[in-house]
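Worksheet: the structure to be examined is printed underneath.
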Amino acid sequence: MNTAEVLQVFGLEPRETRLYLALLQSGPASIRDIADRAGINRGTTHELLKRMLQKGVVSYFPRGKRRHFSAEPPQRLKELALTHQQKVDDAMELLDDKVIPELSHLRPATGNADVHYYEGDDGIELVLKDILSTVSEQDNRSYCIYSAKAIRKYLYRPFPNYTRQRVKMGIKVKVIAIGEGGEEAALADRKWINEPSSDRAGSYIAIYPPKVAMISLSHGDLPTAVVINSPTIANTHQVIFNTLWESL
């Protein structure tokens with residue numbers, strides 16, 4: 001991450017970072033001089049500086065009829081980061097204790113399966129993160145997958161450290177690999193189905209009750225996924241997987 005990206009995490013947008021860096025380099029300056037140095041129009045600079053005053057990263061003093069602004073020392077950014085982190089920690093606590101339960105009650109009660117569709121690398125990354133997040137909340141921290149040879153090299157492309165993260169979280173997985181190959185990994189048990197017809201299989205199916213995720217390739221190497229949130233469907237797939245596992 002570059003400087004602008006780091007500061008953006010802690011609440012400074014890229015244009016505010018440009019103004020802050022311009023002020024560090026120039027010393028105290030008027031709005032017109034700051035705008036010229038940063039390459040931002042004067043009206044926008046004025047509005048951005050007002051926000052930066054509230055964040056405490058710049059200050060000003062009057063000089064004649066004009067305000068001159070100066071950048072606070074870079075150490076102030078650490079205080080900004082700590083304040084931001086505390087707000088995030090407080091929000092996370094409220095998210096678990098209040099916000100998520102309240103929002104969950106807004107969803108209509110229905111016996112139908114909750115189905116979501118995802119496409120592309122960004123979508124697949126969301127699905128993989130959902131697997132880890134959902135399984136991490138279970139007592140046994142384990143799930144099962146069918147993994148076909150044709151999709152393996154595309155599956156973890158958007159989340160290359162997925163296995164490392166899974167192991168770090170202490171999550172176990174049982175894998176039925178369809179077709180040869182597949183790497184051995186920590187906290188993973190693997191069995192194979194090697195049949196001529198397996199070459200035509202190009203899917204990845206994850207069973208992590210109450211959900212099932214099905215990932216496949218369409219239009220070349222574009223991955224698509226369907227996630228079904230249904231205890232009934234997930235448990236049915238689990239029974240089928242367990243039966244097949246024992247027979248291999």
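List of remarks:
- Sub-7 Å Cβ pairs linking a first residue in segment 57-86 that is assigned to a loop (DSSP other than H, G, I, E, B) to a second residue that is among the acidic types (Asp, Glu) and surrounded by 10 or more Cβ atoms within 10 Å (Cβ to Cβ), at least 6 apart or interchain, are VAL57/GLU72, ordered by first then second residue.
- Number of residues in segment 196-248 that are in a helix (DSSP H, G or I) and modelled with pLDDT under 90 equals 5.
- Close Cβ contacts (under 9 Å, 6 or more residues apart or on different chains) running from residues in segment 33-45 that are in the same structural domain as ALA71 (by TED's automatic domain parsing) and closer than 17 Å to TYR60 by Cα to residues that are β-branched (Val, Ile, Thr) and surrounded by fewer than 17 Cβ atoms within 10 Å (Cβ to Cβ) comprise ALA35/THR44.
Here is a yes/no grid of residues against (1) modelled with pLDDT under 85; (2) farther than 28 Å from VAL6 by Cβ; (3) not assigned by TED's automatic domain parsing to the domain that holds ALA22:
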residue: VAL57; (1), (2), (3): no, no, no
residue: PHE61; (1), (2), (3): no, yes, no
residue: HIS68; (1), (2), (3): no, no, no
residue: ALA71; (1), (2), (3): no, no, no
residue: VAL88; (1), (2), (3): no, no, yes
residue: LEU95; (1), (2), (3): no, no, yes
residue: ALA109; (1), (2), (3): yes, yes, yes
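- Close Cβ contacts (under 8 Å, 6 or more residues apart or on different chains) running from residues in segment 220-242 that are more than 22 Å from ARG152 (Cα to Cα) to residues that are aromatic (Phe, Trp, Tyr) and outside any helix (DSSP H, G or I) comprise ALA234/TYR208.
- Selection status of VAL239, β-branched (Val, Ile, Thr) and loosely packed, with under 14 Cβ neighbours inside 10 Å: yes
- The residue that is surrounded by the fewest Cβ atoms within 10 Å (Cβ to Cβ), among those in segment 1-38 that are at pLDDT 90 or above and among the polar types (S, T, N, Q), is GLN25.
- Among the conditions (1) charged (D, E, K, R); (2) more than 20 Å from THR83 (Cβ to Cβ); (3) not in a strand (DSSP E or B), ARG51 misses just one, which is (2).
- Qualifying residue in segment 125-144 (condition: modelled with pLDDT of 90 or more, of a type in the set (S, T, N, Q) and surrounded by 14 or more Cβ atoms within 10 Å (Cβ to Cβ)): yes
- Candidate set from segment 39-48 (those that are in contact with a helix residue (DSSP H, G or I) (Cβ under 7 Å, 6 or more places away or on another chain) and outside any helix (DSSP H, G or I)); member that is surrounded by the fewest Cβ atoms within 10 Å (Cβ to Cβ): ASN41
- Tabulated pairs, segment 152-163, first under 16 Å from GLU184 (Cα atoms), second among the small types (Gly, Ala, Ser) and surrounded by fewer than 16 Cβ atoms within 10 Å (Cβ to Cβ), C-beta under 9 angstrom, 6+ apart or interchain: ARG152/GLY181; THR163/ALA185; THR163/ALA186
The values are calculated or read from the model by the stated rules, or taken from the named source; none is laboratory data. Predicted model only: the values in this text are computed from it and were never measured. Glycine gets a Cβ as well: all are built from the backbone with ideal geometry, and neighbour counts include every protein chain shown.
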